[in-house]
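Report on the following structure.
The values are calculated or read from the model by the stated rules, or taken from the named source; none is laboratory data. Values in this document were obtained by computation on a predicted structure and should not be read as measured data. Cβ sites come from the backbone with ideal geometry, for glycine too, and all protein chains shown count toward neighbours. With ligands, DNA and RNA removed, areas are computed over all heavy atoms of the protein, side chains included. Shrake-Rupley method; radii C 1.70, N 1.55, O 1.52, S 1.80 Å.
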Amino acid sequence: MAASPSNYTKMTPVLTVTAIEPCLPLWIDRLGFEQTIEVPGDDGLVFVALQGNGIEVMLQTRASLAADLPAVAAAPQGPAFLFMEVADLDAILPHLLESDIAVADHVTFYGMREVSVLTAGGHYVTLAQPVAESKD
């Protein structure tokens, strides 16, 4: 018998990065997340948790993850792709001017207006707003 989905209460992505500090301006200054946890290491931060409007993302250095889970150190590291729905994309776009835009503002065939940014950690965040249906 499978576990009941009602037992699950939260899922938080953990993005591995080479260094935490270069990633923080996007999450804190541009997207408005708050840093709620930080774990310092010998050469800077090795882990942070960031929260904004009920959404949480964690960043952990690859070196720290390898120390915690040595088997992971040899595993291939690819980018993660985060898809985040937003209430007002126009309110966020001015804050992304200094970001590395991977895919410019556009409307998709599935009815979302989206823009994607490449984070300093090498991951992609797509910010998406449903397109209002016309009342014709």
Summing -39500 (n - 2.57) over every DSSP H run of at least 4 residues in the chain and dividing by its residue count gives a helix-only mean residue ellipticity at 222 nm, to the nearest 500 deg cm²/dmol, of -2000 deg cm²/dmol
For the range 48-116: relative contact order, % (alpha-carbon pairs under 8 angstrom, 6 or more apart) | 15
3J(HN,Hα) from dihedral phi, the range 32-41, Karplus parametrisation 6.51/-1.76/1.60, rounded to Hz, x for glycine, proline | x, 6, 10, 7, 9, 9, 9, 10, x, x
Which chymotrypsin sites (Phe, Trp or Tyr not before Pro) does the range 42-136 hold that lie in a coil by DSSP with at most 10 other beta carbons within 10 Å?
-> Phe109, Tyr110
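Extension gain Glu21-Ala75, at 0.36 nm per residue separation less the Cα-Cα distance, in nm? Walk me through the numbers on the way to the answer.
On the way: separation 54, 0.36 × 54 = 19.44 nm, distance 2.36 nm.
Gain in length upon complete extension: 17.1 nm.
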Taking trypsin sites (Lys or Arg not before Pro) that fall in a DSSP loop and have at most 16 other Cβ atoms within 10 Å as cut points, what is the longest piece of the chain between them?
-> 11-134
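Could you pull out the GluC sites (Glu not before Pro) across the range 57-136 that fall in loop regions by DSSP (anything but H, G, I, E, B) with no more than 13 other Cβ atoms inside 10 Å?
Working: sites: Glu85, Glu98, Glu114, Glu133; in loops: Glu98, Glu133.
Sparse-neighbourhood loop GluC sites (Glu not before Pro): Glu98, Glu133.
How high is the relative contact order of the range 11-136, given as a whole-number percent (alpha carbon pairs under 8 Å, six or more residues apart)? Working shown, then result.
Details: 214 pairs, mean separation 29.5, N = 126.
About 23 percent, as a whole number.
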Just how large is the dipole of the chain about the Cα centre, in debye to the nearest 20, putting +1 at every Lys and Arg Cβ and -1 at every Asp and Glu Cβ?
-> 400
From the C-alpha gyration tensor of the range 1-91, pull out the three semi-axes of the equivalent ellipsoid (sqrt of 5λ each), sorted largest to smallest, in whole Å.
-> 23, 21, 13
So if R0 is 22 Å, what FRET efficiency would Asn53 and Leu93 give, r being the distance between their Cβ atoms, rounded to the nearest 0.05?
-> 0.80
Could you tell me what percent of the accessible area of the range 1-89 is made up of carbon and sulfur, with a 1.4 Å probe and every protein chain present?
-> 58
Rounded to the nearest 5, the percent of antiparallel DSSP beta bridges in the chain equals 75
